[in-house]
Amino acid sequence: MKKFVLVLLMLLLAFALFASGQQAEESEKSVIEEFDWRMFEGTNLVACFPNHGHYNAAIDAGVIEDFEALTGINVEIDLLQYIKMHDKQVLEMTKPAGDYDVISMVVMWKSEYAMANMIQPLEPFFEKEYLQVPDYDFDDLIPAYVEVTGIAGGENIYRNGPGANLYGLPFGSETSFLVYRKDLFDKYNIKVPETYDELVEVSRFFKEEVPGMSGLTMRGASGHHATHGWLLHASPFGARVFDENWEPAFTSPEAIETIEFMKKIVEYGPDGITGYTQDEEWQAFLQGDAAMYLDASVFAGTARNPEKSKVYDKLGFAPHPKAKTSLSETGGFGIAIPSNSKNPEAAFLFMQYLTMKETERKIIANGGAPFRTSSVNDPELQAKYPDFIALKNQLVNANPDWRPIIPEWGEINGPYLGVAINQALTGEKTALQAMQDIVAPVRAIMIRAGYIK
């Protein structure tokens, strides 16, 4: 009898557990089924996007059409060269009612936009239960990308911390890693560079010993691109734009050492490198003229594309080499909602759709860049895309503070730093003289803005 009671109790417990599990499963299923994707049906959204590899991959993958079919929302894309987006966006976002509902912003604009109340904090949208896309999993977004693309307004202005808010989501975000010609490295039995000294030596070898080949390709054009090139290497060398008191620090030994490294790359890199923008930097590698590329990780999708790359089947990927540190850049693009958007809630739904897991996989398959931890860590994707392994290893050293994204950065970036760095690279001035010459005007900007008292 006792045995019968015990068996009966066990059966009842098993049934209860089964029923509970089934109820939870049905509850979860009902949440997904009950989410109203068509709550904004008939709405017209206008998005300002860059003519950029990741965004082009999203458009070509059909995710805009998929969103329109799912929601009944019409989406118009204003596709611009990214260098032209800033002025157009500011013009629209400072009107009483602008044309844009969603914008893509280069991360260096986020603090300017946030501090001027041109874009909306996203926390209030995430707090509205009816707007939360099921299984969105915000915490799966790569943390360094979230911070650099979307966090602004706190005590650190452009970093996470007290008073900061979320203004954007990563979409087209990046860190940096090394892409190299595996066929040539194998042919000449060359070790993949792990340090900056090795990077210089390998660049020298290819330029001097392999006919028709150069070493590392790099951005060097006067203005924004030269600044980017310098900052990319300044972080590993331990150089900074400002010290802890916001005083210009670009005449420090580390800052000058960074320029001296770049001058060696000019010597061993492709001809004309001091005029290279990102496009020329990319093409030098894609066309087979350079043995190495060290810059934005979003390049990988293009490098793997046989329609755009002559070396698509000859690629190797490795982490960013080490100087004093292994720190790499974090940059690229994020998406945000203008404060004067006519349809902010529909815009938020669109942003979630673009950045949810299922959509990300479609974009990756079409050559776009991953922005979720789960994708970078996925063994199946790593087997298909070897760059994901290098990316995973590099993300632990991704540095959200590799450049100071303050609202005044646009005044400093191209007009002063970018000009001075290019002058040093072309030999117009010594590295120290070029950087010394811009200390006073940059310091004046920082005094005017209230950083230096």
Checklist entry - If you line up the long axis of helix 196-209 against the longest principal axis of the chain, both from Cα atoms, how many degrees apart are they, to the nearest 10? => result 60 degrees
Checklist entry - Ordered by packing density, taken as the mean number of other Cβ atoms within 10 Å over each peptide's residues, highest first, how do 394-401, 440-447, 40-47 rank? => result 394-401, 40-47, 440-447
Item to check | Label-point gap, in nm, between LYS453 and ALA97 - each point 7 angstrom along Cα→Cβ | outcome: 4.6 nm
Checklist entry - Using the beta-carbon distance between TRP37 and GLU208 and R0 = 56 Å, what value does 1/(1 + (r/R0)^6) give for FRET efficiency, to the nearest 0.05? => result 0.40
Checklist outcome for this item: Computed from the beta carbon distance with a Förster radius of 35 Å, FRET efficiency for GLU155 and SER374 to the nearest 0.05 stands at 0.65
Checklist outcome for this item: Scalar couplings 3J(HN,Hα) for segment 129-142 by Karplus 6.51 cos²θ - 1.76 cosθ + 1.60 (θ = phi - 60°), nearest whole Hz, x for Gly and Pro, are 4, 5, 9, 7, 5, x, 6, 5, 6, 4, 5, 7, 5, 4
Checklist entry - Taking only C-alpha pairs under 8 Å that are 6+ residues apart, what is the relative contact order of the chain in percent? => result 24 percent
Item to check | Spatially proximal lysines relative to LYS191 (Cα-Cα < 25 Å; intrachain offsets below 8 disregarded) | outcome: LYS182, LYS207, LYS263, LYS264, LYS310, LYS314, LYS322, LYS324, LYS384, LYS392
Item to check | Rounded FRET efficiency, nearest 0.05, which uses the C-beta distance separating GLN433 from ALA69 and R0 of 60 Å | outcome: 0.50
Checklist entry - Cα centroid distance between segment 369-441 and segment 52-126, in Å? => result 23 Å
Checklist outcome for this item: Residue-ordered couplings for segment 300-307, obtained by feeding phi - 60° into the Karplus form 6.51 cos²θ - 1.76 cosθ + 1.60 and rounding to whole Hz (Gly and Pro as x), are 4, x, 5, 4, 7, 8, x, 7
Checklist entry - With labels modelled as points extended 7 Å from the Cα through the Cβ direction, what inter-label distance (nm, one decimal) is found for MET115 paired with GLN287? => result 4.0 nm
Checklist entry - Using the Cα gyration tensor of segment 212-295, with a ≥ b ≥ c the square roots of its eigenvalues, what is the shape: rounded (a/c below 1.5), prolate (a/b larger than b/c) or oblate (neither)? => result prolate
Next on the checklist: Given contacts defined as C-alpha pairs under 8 Å and at least six residues apart, what's the relative contact order of segment 351-453, whole-number percent?
Outcome noted: 12 percent
Checklist outcome for this item: Sorted by chain and number, the residues with a modelled amide H under 5 Å from that of SER176, at a separation of 5 or more or across chains, are SER297, GLU329
Next on the checklist: Under a crude label model (7 Å from the Cα following the beta-carbon direction), how far is ASN189 from GLN81 in nanometres?
Outcome noted: 4.8 nm
Next on the checklist: Could you order the peptides 103-110, 91-98 from most to least packed, using the average number of other C-beta atoms within 10 Å per residue?
Outcome noted: 103-110, 91-98
Item to check | Highest average packing first - 225-237, 363-375, Cβ atoms within 10 Å | outcome: 225-237, 363-375
Checklist entry - Got the relative contact order for segment 278-334 handy, in percent, Cα pairs under 8 Å and 6 or more residues apart? => result 25 percent
Checklist entry - What's the center-to-center distance, using Cα atoms, between segment 158-191 and segment 248-263 in Å? => result 22 Å
Next on the checklist: Check which residues have an amide H placed less than 5 Å from SER222's amide H, if you skip close sequence neighbours.
Outcome noted: none
Item to check | MRE, 222 nm, helices only [DSSP H, n ≥ 4, -39500 (n - 2.57), over the chain, to nearest 500] | outcome: -13500 deg cm²/dmol
Next on the checklist: Spelling out what I want: for every residue of segment 251-264, take phi, set θ = phi - 60°, compute 6.51 cos²θ - 1.76 cosθ + 1.60 (Karplus), and round to whole Hz; glycine and proline get x.
Outcome noted: 10, 5, x, 5, 5, 5, 4, 4, 5, 5, 4, 4, 5, 5
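Throughout, read-outs are computed from the coordinates displayed, never taken from laboratory work. Being a predicted model, the structure only gives us computed values, none of them experimental. Neighbour counts are summed over all protein chains in view; Cβ atoms, including those assigned to glycine, are modelled from backbone coordinates with ideal geometry.
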